[in-house]
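Structure record follows, encoded as structure tokens.
The values are calculated or read from the model by the stated rules, or taken from the named source; none is laboratory data. In this text the structure is predicted, and so the values were computed from the model without any measurement. So basically every Cβ, Gly included, is an ideal-geometry build from the backbone, and we count neighbours across all protein chains shown. SASA here: full protein model, heavy atoms, side chains in, ligands and nucleic acids out. Shrake-Rupley method; radii C 1.70, N 1.55, O 1.52, S 1.80 Å.
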Amino acid sequence: MDANVSTSPGDADVLIVGAGPTGLAAATMLMRSGVKPVIVDKLATGQNTSRAAVIHAHTLEVLEQLGVAERLAGQGLKLNEFTLRDRDRVLVRLRFDTIPSRHNYLLMLPQDVTEAILTQALAEAGGSVRRGCTVTELAETSDGVRATLVSSNGPQTIRARYVVGADGMQSVVRQAAGIGFTGGSYEESFVLGDIEMTWAAGRDQVMLFVSPAGLVVVAPLPSGTFRIVATLDPAPEQPGVADMQALLDTRGPTRANAKVSAVRWSSRFRLHHRVADHYRRGRLFLVGDAAHVHSPAGGQGMNTGLVDACVLGRMLSDVVQGRRDDGYLDRYEALRRPAAKQVLDLAGRMTHMATLKSAPQRFLRSAVLGMLGTNPMFRRRLEMDLCGLSRRAAAEPPQ
Ligand SMILES: Cc1cc2nc3c(=O)[nH]c(=O)nc-3n(C[C@H](O)[C@H](O)[C@H](O)COP(=O)(O)OP(=O)(O)OC[C@H]3O[C@@H](n4cnc5c(N)ncnc54)[C@H](O)[C@@H]3O)c2cc1C
């Protein structure tokens, strides 16, 4: 390695940039496999907001390797049913208690709780996040990567054999690798919020309503609140009680008597659908939102990233510990990029279906879905796609 490079704060086999859910999962997987990575995040504390609210069966199966699946399940709310409705009419009813998995449910859990459990698992494995460190530059050398980190102590350099970009949609790792992020943006803005309300339809299922005014998703959360997600244009910066009430009144069931009393957290965002053109360039790798972003329809974003992280963590540990050569890591992209494309396709189809604007198209959509909803094979395929079990093979590092 380059002799002029400062070794502070220390060299590493693997440097992980970003300590969101995917960075934490990758770090824990490496630690549990015998490799001590350096993991840094520019934030002084975690983001601590609710955001991704569902963990699917396949993700829980994969997270068993980190020893967190039972803990997550213990803190979350287990639901068996997901219904797609045109206001009062059920078009498709999906059941998760019959899927072929130990985790035969939808697990509702806010992202800040998921991140806290992953942080605890990392600590139990002997690791911790270096917070307040921003990676500003990455340069490949003949035998590694030289990363420049900026913190309150000034700039520092760290050398690593491999770098994992778990640094979200604006990834500096992806940019340093010169990897394109191909795709586009949705026209609509989305709002989401965790609210308190009385809801006559109960707390035992996720409901996605389509209506002439747009879509609204209502999902119960473990704290007794409900997660609301909806398209809205123009969207207020921080949707309040009246905004949430109006969404439910105009898009939800006509006889539900929803009464919103408080908004605990809310946000608005614009959606993109993009996949990185490659998941690896040289010694730089991408996981999670750095590699793929899409609509929240179906709640797949964080789930796909967590699986990326566990797969790459296992593959890197084999290479770093000499059980495989570097070429083995090329297979990471072959395994995980098609899975992301499937997820983008699924989320895109669901979003398109739920946001149709013209009346004849909406009429046709509800008629076709109502018919397909009676077909058990159609329902099972959708259940397997949503809970991730149809992508099981893409989570197995090749032998
Ligand atoms: C408002 C909102 C609502 C959402 N709702 C849902 C939902 O309902 N369902 C769903 O599945 N998903 C949802 N998502 C998406 C979900 O939150 C992401 O898929 C998930 O957080 C991705 O995890 P990640 O670890 O890949 O990236 P992130 O969570 O974005 O974490 C990236 C980390 O990298 C750090 N970082 C970035 N750049 C650097 C740098 N240069 N140096 C050091 N650190 C750096 C950041 O500080 C951050 O902590 C939502 C997102 C938002 C913003």
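Quick look at the values:
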quantity: Hits in region 128-183 (condition: among the charged types (D, E, K, R) and either assigned to a strand (DSSP E or B) or open to solvent by 30 Å² or more (accessible area, probe 1.4 Å) (or both)); calculated: 130, 131, 137, 140, 143, 146, 159, 161, 167
quantity: Test: residue in region 341-360 that is over 25 Å from residue 271 (Cα atoms) and assigned to a helix (DSSP H, G or I); calculated: yes
quantity: Answer from 202, 183 - the residue that is at positive phi, touching a residue at least 40 places away in the same chain (Cβ under 8 Å) and away from the ligand (no atom under 14 Å from the Cβ); calculated: 183
quantity: Which listed residue is farther than 22 Å from residue 349 by Cβ, in contact with a strand residue (DSSP E or B) (Cβ under 6 Å, 6 or more places away or on another chain) and surrounded by fewer than 15 Cβ atoms within 10 Å (Cβ to Cβ), from 258, 262; calculated: 262
quantity: Residue check, residue 142 of a type outside the set (Lys, Arg) and over 30 Å from residue 391 (Cβ atoms); calculated: yes
quantity: Spans of strands (runs of 3 or more DSSP E) in region 21-88 with at least 2 residues closer than 21 Å to residue 228 by Cα; calculated: 77-79, 81-86
quantity: Search result, residues across region 87-112 that are touching a Leu at 6+ places or on another chain (Cβ under 9 Å) and surrounded by fewer than 17 Cβ atoms within 10 Å (Cβ to Cβ); calculated: 90, 93, 100, 102
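The rows are residues; the columns are (1) among the aliphatic types (A, V, I, L, M); (2) away from the ligand (no atom under 14 Å from the Cβ); (3) within 29 Å of residue 354 (Cβ to Cβ).
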{"residue": "16", "(1), (2), (3)": "yes, no, no"}
{"residue": "59", "(1), (2), (3)": "no, no, yes"}
{"residue": "64", "(1), (2), (3)": "no, yes, no"}
{"residue": "70", "(1), (2), (3)": "no, yes, no"}
{"residue": "87", "(1), (2), (3)": "no, yes, yes"}
{"residue": "100", "(1), (2), (3)": "no, yes, yes"}
